[in-house]
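Here is the structure we will look at, set down as structure tokens.
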Amino acid sequence: MLTDTSLWLFMIRIHILLAILSLLTGPFGLLKRVRAKSIKFHRWNGRVYVLSILYNFIPGVFVSFFATGGWPSTIGFLILNTLWLGTTILGYLSIKKQRIILDRQWMIRSFFLSFANMTIYIIVAITHHVMNVSYGNAYTIAVWLCWTLNLLVAEWTIQHPYTTFQQFTKNMRNVNICINKLKENKGMVLIGR
């Protein structure tokens, strides 16, 4: 029989492994080139992604009850787990109904929620180490902000689907051209250029 500690270790390991699997498969599901090259691979990859999150729900809920920060953190993690599973299921159901745009939108939300743990580490580093908030409070803040901020970024990504790295660099080139013209025409000197 498993002790509480060994059960927790088992669940956290399963949770981490399945989360890593979702992080590895997620990008391939969202890349148009991969989908265009092999729809068969896209479907296989999507199934692995969905199953990794589906099977991660129970371990995720279990470890939530042992979170640093007590009940406020536990509730934040339970909401995160529910959102992660819910967005994934809605994406899966959308593609089953051949609603490709909805599938993509739900899977973008799901994939950004997959990054919650990394966001927690960044927020804890800022709130605890830079702002001197106690570790327990910093962690609780991070648990709530991780899914909130990640969903905001996901929504921005959905609303701006054509903002690619190439467009970003093109826009930056245009900004540099404007700055150079201003310098030439007005004799401006910019620091750092």
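Take Tyr139 and tell me if it is in the same structural domain as Trp44 (by TED's automatic domain parsing), among the aromatic types (Phe, Trp, Tyr), over 18 Å from Leu23 (Cβ atoms) and part of a helix (DSSP H, G or I). Against the criterion (in the same structural domain as Trp44 (by TED's automatic domain parsing), among the aromatic types (Phe, Trp, Tyr), over 18 Å from Leu23 (Cβ atoms) and part of a helix (DSSP H, G or I)), Tyr139 qualifies. For region 66-113, the tally of residues that are among the aliphatic types (A, V, I, L, M), within 14 Å of Val50 (Cα to Cα) and touching a Ser or Thr at 6+ places or on another chain (Cβ under 6 Å) stands at 1.
Restricting region 133-160 to residues that are under 22 Å from Trp71 (Cα atoms) and polar (S, T, N, Q), the residue that is surrounded by the most Cβ atoms within 10 Å (Cβ to Cβ) is Thr140. Between Val48, Val63, the distinction of being under 18 Å from the mean Cα position of the chain (by Cα), farther than 24 Å from Trp156 by Cα and among the β-branched types (Val, Ile, Thr) belongs to Val48 only.
Here Phe66 fulfils each of the conditions (1) touching a residue at least 12 places away in the same chain (Cβ under 8 Å); (2) part of a helix (DSSP H, G or I) apart from (2).
The values are calculated or read from the model by the stated rules, or taken from the named source; none is laboratory data. Owing to the predicted nature of the structure, the values given are computational and were not obtained by experimental measurement. In this analysis, Cβ positions are derived from the backbone assuming ideal geometry, glycine residues included, and neighbour counts consider all displayed protein chains.
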